[in-house]
Amino acid sequence: MQLSPADAHADILLLDRIARRDAQAIGDLYDQHHRLLFALILRILRDRAEAEEVLQEVLVQVWTRADSYNVALGTPIGWLVRIARNRAIDRLRANTVRLRAIEQAPEPPQRAAGNPEDHVTLTEHQRAVAHALEALPPDQRELIEQAYFFGLTQSELAERFRLPLGTVKTRIRTGMMMLRQQLQDTITQP
């Protein structure tokens, strides 16, 4: 990390330029700090491709939220490292949740076996899930679809929909409870 007050001042000026939408400034900030940020993200994720994606997400967040940087709370590099660390941890958690969901998902009935009853059961389950999703309030349904079908983390959803993280968590939890209640009788029958 940089310790020089001159370097910190230069970074503050870059963030100010970014807040004013100076595209060259984001490139300069990247040139200055991408090695440190990439190394940190890679250390957390242990996957080069994922680390590259997260670094891009960090830069997008810096671009969109540069005006939220507060000098009183720390140096620009500290702010950047915090963003990178949080994004990497969010990605790691999302990957873990996806992997766990895949491992715990029940096996769908085999279509290839030629058993029409299994195909009908699967189709009925799909219809029941679609119907249950449609019955949810739109604010809950959209968050659930984005989280489970597109793999967005709750933090990413909060940022995308400009909602507090607690609101996102509450809406998803409430929506999932409603889905479980609606599907309990339909899906669990053999």
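Residue-level check: of (1) farther than 20 Å from GLN182 by Cα; (2) aliphatic (A, V, I, L, M); (3) modelled with pLDDT of 75 or more; (4) over 23 Å from the mean Cα position of the chain (by Cα), VAL129 misses just (1).
So, ARG85, is that one assigned to a helix (DSSP H, G or I), more than 16 Å from the chain's Cα centre (by Cα), within 27 Å of TYR148 (Cα to Cα) and not assigned by TED's automatic domain parsing to the domain that holds GLY151 or not? Outline the logic, then answer.
Numbers: assigned to a helix (DSSP H, G or I): yes; more than 16 Å from the chain's Cα centre (by Cα): no; within 27 Å of TYR148 (Cα to Cα): yes; not assigned by TED's automatic domain parsing to the domain that holds GLY151: yes.
Judged against the criteria, ARG85 is not a match.
The residue that is surrounded by the most Cβ atoms within 10 Å (Cβ to Cβ), among those in the range 83-109 that are of a type in the set (Lys, Arg) and at pLDDT below 95, is ARG87. Please determine, by comparing only the residues of the range 1-32 that are loosely packed, with under 13 Cβ neighbours inside 10 Å and among the polar types (S, T, N, Q), which one is farthest from LEU55 (Cα to Cα). If we take residues in the range 1-32 being loosely packed, with under 13 Cβ neighbours inside 10 Å and among the polar types (S, T, N, Q), then SER4 is farthest from LEU55 (Cα to Cα).
Please enumerate the residues belonging to the range 40-58 that are in contact with a helix residue (DSSP H, G or I) (Cβ under 6 Å, 6 or more places away or on another chain) and closer than 21 Å to LEU29 by Cβ. If the condition is that a residue be in contact with a helix residue (DSSP H, G or I) (Cβ under 6 Å, 6 or more places away or on another chain) and closer than 21 Å to LEU29 by Cβ, then LEU40, ILE41, LEU42, ILE44, ALA51, VAL54, LEU55, GLU57, VAL58 are the ones that fit.
Restricting the search to the range 62-99, which residues are touching a residue at least 12 places away in the same chain (Cβ under 8 Å), farther than 21 Å from HIS34 by Cβ and among the hydrophobic types (A, V, I, L, M, F, W, C)? Within the range 62-99, VAL71, ALA94 meet the criteria.
The values are calculated or read from the model by the stated rules, or taken from the named source; none is laboratory data. Being a predicted model, the structure only gives us computed values, none of them experimental. Note that each Cβ is placed from the backbone with ideal geometry, even for glycine, and that neighbours are counted across all protein chains shown.
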